[in-house]
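The values are calculated or read from the model by the stated rules, or taken from the named source; none is laboratory data. In this text the structure is predicted, and so the values were computed from the model without any measurement. No Cβ is skipped: glycine too gets one built from the backbone with ideal geometry, and neighbour counts run over all protein chains shown. Surface accessibility is based on the protein's heavy atoms, side chains included, excluding ligands, DNA and RNA. Shrake-Rupley method; radii C 1.70, N 1.55, O 1.52, S 1.80 Å.
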Amino acid sequence: MRSTLTTCALLCAAAAPAVFAEDATKKLPPVKALALQKAISKKALSTKAHELEDLAYSTPGRNRVMGSEGHNSTVAWITGYLDEMSDFYTYEVQPFIALYSDANGTATADGDELEAEAFEYSPSGDVEADIVAVDNLGCEASDYPDEVDGAIALISRGECEFGLKTALAGGAGAVAAIIYNNEQGLIGGGTLGPPPRPEGEYVPVVGVARRTGNQILNALEDGAVTGTVTTVSDIHNVTTYNVIAETICGDHDNVLTLGAHSDSVIDGPGLNDDGSGTIGILEAAIQLSSYSTNNAVRFCWWSGEEFGLLGSTHYVETLNDTAGALDKIKLYLNFDMLASPNYIFATFDGDGSTFNLTGPPGSAEVETFYRQWFKRRGLNITATAFDGRSDYQAFADNGIPCGGLFAGADETKTPRLFKKFGGEQGETLDPNYHSALDNYDNLNFDAWVPIEKALVASIAEYATSFDSLPSAKKVRARGIEDGKLMRRALEDRPFVRRGHAKVWKV
Ligand SMILES: [Zn+2]
């Protein structure tokens with residue numbers, strides 16, 4: 001760690017001419033979108049992607065999961081680049097303690113081995129009991145019949161997060177739970193989110209394919225089905241690190257903040273998820289260092305995203321402890337998965353027109369900015385929901401306008417998306433999502449390069465001015481409290497709590 005944001009803020013606020021006469025950044029030309037876009041090269045992204053993959057593959061786990069050697073070296077790799085730009089950025093490495101989990105599980109039904117996978121934060125256990133189907137989607141306590149007591153609860157995926165289903169099963173007295181997918185294939189892992197939960201204690205829980213769930217449901221129609229669930233779970237605290245860098249000058253009371261998560265899942269090196277965002281904002285920071293900005297620009301690399309948005313949530317909580325610190329962030333932009341093989345170009349549905357989940361005031365204007373950027377280049381763009389699956393959530397919860405870009409995760413390429421973006425209709429947007437194959441070879445630069453150019457264009461826009469976003473006064477005049485619309489939507493849709501991975505996927 002070289003210096004802290006506090007130091008920077010003090011230095012800049014002091015505006016001591018003796019110090020700033022020497023300020024290298026003052027001599028730089030003001031940032032311009034076209035110049036930044038021109039500076040983006042596939043080669044620079046590619047080189048860094050190789051470096052990131054090497055960091056993962058040089059460790060026994062071949063991953064960059066929170067708390068691992070691969071993640072710690074990712075943090076050092078980021079700060080290594082920041083050290084070379086010490087004339088332009090100060091940075092802080094923010095440590096925090098987080099609950100880590102590595103769970104593995106097996107299950108049987110009527111003696112047949114099922115293809116199953118455990119969820120992170122599932123407790124360890126080895127149980128044998130009758131399997132009892134839960135009503136509806138298992139998102140309400142009333143969905144759990146009395147027979148679940150002492151049994152293995154069989155629950156469909158959908159509507160609410162895995163953690164809620166598992167806690168409700170525990171609350172109803174189940175000894176374990178099996179969650180079956182509501183679309184093709186295995187669920188592909190996921191996290192319950194760290195315990196505890198008020199609805200009940202987690203029980204050992206595994207995920208199975210929809211087909212498997214349906215087979216058990218059919219067998220239940222003919223009579224009792226006995227099952228087993230066995231989970232081995234390693235849950236312990238680790239110390240892990242966010243990295244927060246900020247331009248030395250620019251107005252530190254009006255800060256553009258960008259974020260990507262630097263951690264991967266356990267199962268792979270995480271080159272698209274979210275090596276692409278990690279590199280995306282790093283490369284943007286490097287190119288921005290040739291220019292001056294009116295507003296300060298803050299780049300954040302979050303840890304623990306894959307376990308439930310842990311790093312970004314922790315950071316926002318720490319800012320909340322300092323009066324006014326959050327108010328200085330005028331906009332948060334999130335970049336998580338920019339190089340998906342079967343890509344789409346998507347921006348967050350800030351105005352709520354597509355998914356009826358409106359972002360805090362200002363988010364609609366950011367959506368418009370990105371839509372116009374793609375449109376002007378003859379490129380299609382679609383909306384992605386503010387569904388709580390990435391690190392913007394803690395910012396949105398505090399009424400900060402949010403936006404960002406996304407090339408797709410485990411969603412399917414529908415005929416509508418195929419028409420807009422080509423690729424493989426009916427296939428997953430990132431078939432390697434959360435797997436060992438999320439590696440360099442499967443990055444799609446045809447997606448990444450244009451998204452990266454749009455990313456830097458948005459930096460040029462908002463590092464220069466926030467005038468296109470509604471002022472607090474305007475927001476008040478419209479009678480909208482900050483973040484109220486999105487919060488209302490969140491309350492209506494209980495699955496949208498904090499967390500990523502497969503947690504909140506419906
Ligand atoms: Zn991600």
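So the check is Cβ under 6 Å with 6+ separation or different chains; which pairs have a first residue in the range 28-47 that's assigned to a loop (DSSP other than H, G, I, E, B) and a second one that's of a type in the set (D, E, K, R)?
What qualifies is ILE40/GLU452; ILE40/LYS453.
Of the residues THR318, THR231, THR212, only one is modelled with pLDDT of 95 or more and part of a strand (DSSP E or B); which? Quick ask: steps written out before the conclusion?
Values: THR318 fails: part of a strand (DSSP E or B); THR212 fails: part of a strand (DSSP E or B).
After applying the criteria, what remains is THR231.
In the set ALA463, ALA457, which member is surrounded by 17 or more Cβ atoms within 10 Å (Cβ to Cβ), hydrophobic (A, V, I, L, M, F, W, C), closer than 19 Å to LYS42 by Cβ and within 24 Å of the chain's Cα centre (by Cα)?
One residue alone meets the criteria, ALA457.
Could you tell me whether LYS502 is at pLDDT below 95, more than 26 Å from ALA56 (Cβ to Cβ) and open to solvent by 10 Å² or more (accessible area, probe 1.4 Å)?
Spelling it out, it is not the case that LYS502 is at pLDDT below 95, more than 26 Å from ALA56 (Cβ to Cβ) and open to solvent by 10 Å² or more (accessible area, probe 1.4 Å).
Restricting attention to the range 387-422, and to residues there that are among the aliphatic types (A, V, I, L, M) and under 21 Å from ASN320 (Cα atoms), which single residue is farthest from the ligand (Cβ to nearest atom)? It would help to see each step written out before you state the result.
Step one: filter the range 387-422 for residues among the aliphatic types (A, V, I, L, M), giving 394, 396, 400, 405, 407, 409, 417.
Adding the requirement that they be under 21 Å from ASN320 (Cα atoms) leaves 394, 396, 400.
On the way: ALA394: 15, ALA396: 16, ILE400: 20 Å.
Here the residue is ILE400.
Residues to consider are ALA39, ALA9; find the one that is touching a His at 6+ places or on another chain (Cβ under 6 Å) and either aliphatic (A, V, I, L, M) or at pLDDT below 95 (or both).
That would be ALA9, the only listed residue that is touching a His at 6+ places or on another chain (Cβ under 6 Å) and either aliphatic (A, V, I, L, M) or at pLDDT below 95 (or both).
Consider only pairs whose beta carbons are under 8 Å apart and that are at least six residues apart or on different chains; among these, list those whose first residue lies in the range 272-285 and is at negative phi and whose second residue is assigned to a helix (DSSP H, G or I) and within 13 Å of the ligand (Cβ to nearest atom).
Listed by first residue and then by second, the contacts come to ASP274/GLU305.
So in the range 270-314, with the set limited to residues that are of a type in the set (Phe, Trp, Tyr) and buried (at least 24 other Cβ atoms within 10 Å of the Cβ), which one is farthest from the ligand (Cβ to nearest atom)?
Checked the range 270-314; the qualifying residue farthest from the ligand (Cβ to nearest atom) is PHE299.
Have a look at GLU22, GLU51 and point out the one that is open to solvent by 50 Å² or more (accessible area, probe 1.4 Å), modelled with pLDDT under 95 and over 21 Å from ARG298 (Cβ atoms).
Just one listed residue meets the conditions, GLU22.
Given (1) at pLDDT 95 or above; (2) within 24 Å of the chain's Cα centre (by Cα); (3) more than 29 Å from GLU113 (Cβ to Cβ), where does PRO194 come up short, assuming only one miss?
Every condition holds for PRO194 apart from (1).
When you check THR347 against the structure, is it part of a strand (DSSP E or B) and away from the ligand (no atom under 15 Å from the Cβ), yes or no?
Yes: the conditions hold for THR347.
Conditions (1) within 30 Å of LYS328 (Cβ to Cβ); (2) open to solvent by 50 Å² or more (accessible area, probe 1.4 Å); (3) modelled with pLDDT under 95, marked per residue:
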| site | (1), (2), (3) |
| --- | --- |
| THR358 | yes, no, yes |
| PRO361 | yes, no, yes |
| SER390 | yes, no, yes |
| GLY399 | yes, no, yes |
| GLY408 | no, no, no |
| LYS420 | no, yes, no |
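Looking at this structure, is ALA325 within 15 Å of the chain's Cα centre (by Cα) and of a type outside the set (Asp, Glu)?
No: the conditions fail for ALA325.
Quick check on the range 157-164. Is at least one of its residues part of a strand (DSSP E or B) and open to solvent by less than 10 Å² (accessible area, probe 1.4 Å)?
yes
If you take the residues of the range 234-269 that are within 27 Å of THR90 (Cβ to Cβ) and in a loop (DSSP other than H, G, I, E, B), which of them is farthest from the ligand (Cβ to nearest atom)?
Taking the candidates together, the pick is CYS249.
Considering only residues that are among the β-branched types (Val, Ile, Thr) and closer than 25 Å to GLU51 by Cα, look in the range 220-256 and name the one that is most open to solvent (accessible area, probe 1.4 Å).
Among those residues, the one meeting the criterion is THR239.
What pairs come out if I take residues in the range 350-363 that are farther than 15 Å from GLN393 by Cα and pair them with residues that are of a type in the set (D, E, K, R) whose C-beta lies under 6 Å away, six or more apart or interchain?
Between residues of the range 350-363 that are farther than 15 Å from GLN393 by Cα and residues that are of a type in the set (D, E, K, R), the close pairs are ASP351/GLU367; PHE355/ASP349.
Restricting the first residue to the range 326-345 and requiring it to be at positive phi, which pairs with a second residue that is among the polar types (S, T, N, Q) and within 15 Å of the ligand (Cβ to nearest atom) meet a Cβ separation below 9 Å and a spacing of at least six or different chains?
MET337/ASN272; MET337/SER276; MET337/SER390
Looking only at the range 147-156, how many residues end up being touching a residue at least 24 places away in the same chain (Cβ under 8 Å) and surrounded by fewer than 23 Cβ atoms within 10 Å (Cβ to Cβ)?
Summing the residues that are touching a residue at least 24 places away in the same chain (Cβ under 8 Å) and surrounded by fewer than 23 Cβ atoms within 10 Å (Cβ to Cβ) in the range 147-156 gives 3.
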